[in-house]
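Novice: Before anything else, here's the structure in question.
Each value in this text was obtained by applying a stated rule to the coordinates, not by laboratory testing. All of these numbers come straight from a predicted model, not from anything done at the bench.
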């Protein structure tokens, strides 16, 4: 019985491996999978744009608040991803090769900025609630993002001059580290805010809903950035896990669904509530 079970398992694994290779080698499957990713990103971009318009109509007297910038960046990130996957073959044929890396890497950096904006917002709430200074939070956020973009620009320049495997490895490791930093930020400030809200009295207005919102968004974003970091680090040591190539459509579909599409859809759904028309001090415009 054990021998027959092992044989069936091996046959099943072999069948899956054969199917995986056939799909990766099939031009039709590649087109369908990348088109499906493009449609998914386009839908999320449209949802983010509609939500941005609804917020602007609800509170036109406020400038670019954190909430508005968050939805605008979501629209840009997902819109660019949709365009890249829709014209994937054209992107893959761009020359010099560094242009491919820019179109594929830049949305990932913008995704980092978009969701760490939530970390900044939570950090400001936490510091204000604890009567801690908040003056350094926004400059720290801007400086961190600026440093990351400058380093990434330097990597692109190196790829333009010498597109070697060493530079590509450095780029993957850098992206893995950036993702790990984002995951840590969500764990630190999302976790702190969650624990602080748990200590509020039960009868506090909106406590349970806000607690659930912060907990869910923290868990989703921490998980997606951790998965991104692990996969990028793994791809450094295992060349069969290369992403952003035409001949790995299934791997790309799994990766982008787990680290961007599903998390974005869930977070946009959780944060779908519109701000009240008269907001007071809880709604912070970006200065």
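Novice: Find how much the distance from residue 243 to residue 184 grows on full extension, using 0.36 nm per residue of separation minus their present alpha carbon separation; answer in nm with one decimal.
Specialist: Numbers: separation 59, 0.36 × 59 = 21.24 nm, distance 2.38 nm.
Extra length from residue 243 to residue 184 when fully extended: 18.9 nm.
Novice: Follow-up. Multiply the residue separation of residue 173 and residue 262 by 0.36 nm, subtract the distance between their alpha-carbon atoms, and state the gained length in nm to one decimal.
Specialist: Here the answer is 29.7 nm.
Novice: Roughly speaking, what is the stretch gain from residue 157 to residue 132, that is 0.36 nm per residue apart minus the C-alpha to C-alpha distance, in nm to one decimal?
Specialist: Numbers: separation 25, 0.36 × 25 = 9.00 nm, distance 4.08 nm.
So the chain would gain 4.9 nm between residue 157 and residue 132.
Novice: On to the next question. Pairs of Cα atoms under 8 Å, at least six residues apart: use those to get the relative contact order of the range 13-273, whole percent.
Specialist: Computed over the range 13-273, the figure is 23 percent.
Novice: Where the centroid of each part is defined by its Cα atoms, how far is the range 44-90 from the range 97-133 in Å?
Specialist: One Cα centre to the other: 15 Å.
Novice: Another one. For the range 85-210, treating each Cα as an identical point scatterer without solvent, what Debye log10 I(q)/I(0) comes out at q = 0.13 1/Å?
Specialist: -0.67
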